Every structure is written in C-alpha cells, then in structure tokens.
Amino acid sequence: MKFYKKLYIGDTIKKPNQIKRKLKRYDKLPTIYVIALASGKDQLEIYHSLLLQQPYYKEKETYIVGIAGNYEEAVSLVCRITEEAVLKNGTADLKKYLSGQVKSERKA
C-alpha cells in the first residue's frame, strides 16, 4: 500500500498520519473510506477501509490518493480532484493529473 505524497484529506479526518499507520497495518477502521487509483480503465475507486483487509487487497499494490471519514466525503474529494484536474489540464483525466503531480514533485 502506497500513499500519494499530497494526500487528499477529508474535513472529518483529524489525525491523518495515525490513520495512514493503521491502514498500513490493516487495522479495522469502520468509519474510514479511501480513494485509490483504479487498476483498469477507470480513474479512481472508493473503498471502505475494511475492504482492504481482504487477501486480494493485501497482495495488490494499492495507491491511495485520499482518505475520508464517510462515503459522501469521499465523493466530495473525488469531485475536488476532478475540478483541480480540469482547471489545470482542461481534461478530467485524473490518472494523468495525479501522475503529473508526482512527476513535478520529483523535478523540484
């Protein structure tokens, strides 16, 4: 499990570093949702944190770009990411936008 350097954090999340540690240890976090890059043609996926405890997700390399305290907040974060992508690139290609952020961070 990897985390986006400029992780999107929902308003209800008070201790993001603690939540990241717990997610890495696969602790049970019944109120947490994560936003991850989709592995297929889709852009982003919203997962309940308990889903990440499944053996499939423990073996899969999940790249988390956002953490939210509930589903509605997760959807709101996806909307925010989409708005930022459209403003910056003129397109809603979220994977390209987020990977571009990573590349620009490495250049600095």
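What the table shows:
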read-out	value
Flag if L52 is of a type outside the set (D, E, K, R), under 14 Å from the mean Cα position of the chain (by Cα) and at pLDDT below 90	yes
Residue among I19, I35 that alone is farther than 27 Å from D93 by Cβ and crowded, with 16+ Cβ neighbours inside 10 Å	I19
Among residues of the range 69-84, those that are within 18 Å of I19 (Cα to Cα) and touching an Asp or Glu at 6+ places or on another chain (Cβ under 9 Å), counted	2
Hits in the range 1-26 - residues which are in a loop (DSSP other than H, G, I, E, B) and not small (G, A, S)	M1, D11, T12, I13, K14, K15, R25, Y26
Checklist (1) part of a loop (DSSP other than H, G, I, E, B); (2) crowded, with 16+ Cβ neighbours inside 10 Å; (3) modelled with pLDDT under 90 applied to L29, failing item	(3)
Selected residue (criterion: most open to solvent (accessible area, probe 1.4 Å)) from residues of the range 38-67 that are assigned to a helix (DSSP H, G or I) and either touching an Asp or Glu at 6+ places or on another chain (Cβ under 6 Å) or touching a residue at least 24 places away in the same chain (Cβ under 8 Å) (or both)	K58
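The values are calculated or read from the model by the stated rules, or taken from the named source; none is laboratory data. Being a predicted model, the structure only gives us computed values, none of them experimental. Backbone-built Cβ (ideal geometry, glycine too); neighbour counts: all protein chains shown. Just so you know, the surface numbers come from the protein's heavy atoms only, side chains and all, with ligands and any DNA or RNA stripped out. Shrake-Rupley method; radii C 1.70, N 1.55, O 1.52, S 1.80 Å.
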